[in-house]
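The values are calculated or read from the model by the stated rules, or taken from the named source; none is laboratory data. Being a predicted model, the structure only gives us computed values, none of them experimental. FYI the Cβ positions are ideal-geometry reconstructions off the backbone, even for glycines, and counts take in every protein chain you see.
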Amino acid sequence: MVQVDGGVFTMGCMSGRDGTGFDDEYPAHQVLLSAFYISRYQLTQDEWEIIMGENPSKFKGNRLPVTNVSWHDCQNFILRLNQYSGKTFRLPTEAEWEYAARGGRLGRNTLYAGSDRLDDVGWYDANAHRAPREVGLLTPNELGLYDMTGNVHEWCADTFYRYSANVSGYEEDPIHHEGSLRRMTRGGSWLNGAGFMRIAQRCADNADMRSSTIGLRLAMSSMV
């Protein structure tokens, strides 16, 4: 787990930084986050199998990211992991995910997680050869996080929501649980084109959706 110092950042698509975004990426707005921890790598198949006793992924490999796991499956995994470890792992909120992908306080406002050159940091349809790749093979971002761009989408804690045009000041540690059966995923995948790799890009899927393009990354509020 990597510690991410708290801070304020601009969430969403911002002119001059994120290219041309989709409607649900606007308006860009200020978010204040407390410190948290996030895993350096996407959760791998061997890690999932240790806790759950099975591997649901279509493309097999111990160091490949686990896939074909629904949002509900991830909650069951986290429940068992916490019982086993005595810790309080969870999924990151969407705001935490974006802040971490942008490099937190160390971020350089790049288009992708750690670089403006996509092939340096992300597996996508032009270089992944139609399958996920082992975690940690490309360049990490400023926080030392790998594969925040591409490889597999990552489930977040939030339900789908529209950014508010009426936010004044900062949103503080936002998490959204209302109004939708869909849960947010972020990061893009090996199947997507370059246009879906931007940090600001947002996706949502039904919480029971299982796909070979969706996995997860763990977060914690405290290591205690």
- [ ] Could you list, in sequence order, all residues of the stretch 86-144 that are touching a Phe, Trp or Tyr at 6+ places or on another chain (Cβ under 8 Å), β-branched (Val, Ile, Thr) and touching a residue at least 40 places away in the same chain (Cβ under 8 Å)?
- [x] Val135
Task: Residue that is farthest from Val167 (Cα to Cα) [pool: residues in the stretch 11-44 that are among the polar types (S, T, N, Q) and within 17 Å of the chain's Cα centre (by Cα)] - done: Thr44
TODO: Would you tally the residues in the stretch 42-60 being surrounded by 19 or more Cβ atoms within 10 Å (Cβ to Cβ) and either touching a Ser or Thr at 6+ places or on another chain (Cβ under 7 Å) or of a type in the set (Phe, Trp, Tyr) (or both)?
DONE: 3
- [ ] Please find, within the stretch 101-110, the residue that is surrounded by the most Cβ atoms within 10 Å (Cβ to Cβ) out of those that are out of contact with any Leu (no Cβ under 8 Å at 6 or more places or on another chain) and on the phi < 0 side of the Ramachandran plot.
- [x] Arg102
Open item on the list: Looking at Met223, Met209, Met184, Met197, can you tell me which residue is modelled with pLDDT under 95 and closer than 29 Å to Asn62 by Cβ?
Closed with: Met223
Open item on the list: Can you pull out every residue in the stretch 160-185 that is under 20 Å from Phe196 (Cα atoms) and buried (at least 17 other Cβ atoms within 10 Å of the Cβ)?
Closed with: Phe160, Tyr161, Tyr163, Arg182, Arg183, Met184, Thr185
Task: Top-ranked residue of the stretch 11-41 - restricted to ones that are modelled with pLDDT of 95 or more and over 23 Å from Glu171 (Cβ atoms), ranked as surrounded by the fewest Cβ atoms within 10 Å (Cβ to Cβ) - done: Arg40
TODO: Among the residues of the stretch 76-93, count how many are farther than 24 Å from Pro174 by Cβ and surrounded by fewer than 18 Cβ atoms within 10 Å (Cβ to Cβ).
DONE: 6
Open item on the list: Could you check the stretch 111-135 and list, in sequence order, the residues that are surrounded by fewer than 22 Cβ atoms within 10 Å (Cβ to Cβ) and of a type in the set (Gly, Ala, Ser)?
Closed with: Ser115, Ala126, Ala128, Ala131
Task: the stretch 12-66, residues that are without any contact (Cβ under 8 Å) to a residue 24 or more places away in the chain and of a type in the set (S, T, N, Q) - done: Ser15, Thr20, Gln45, Asn55, Asn62
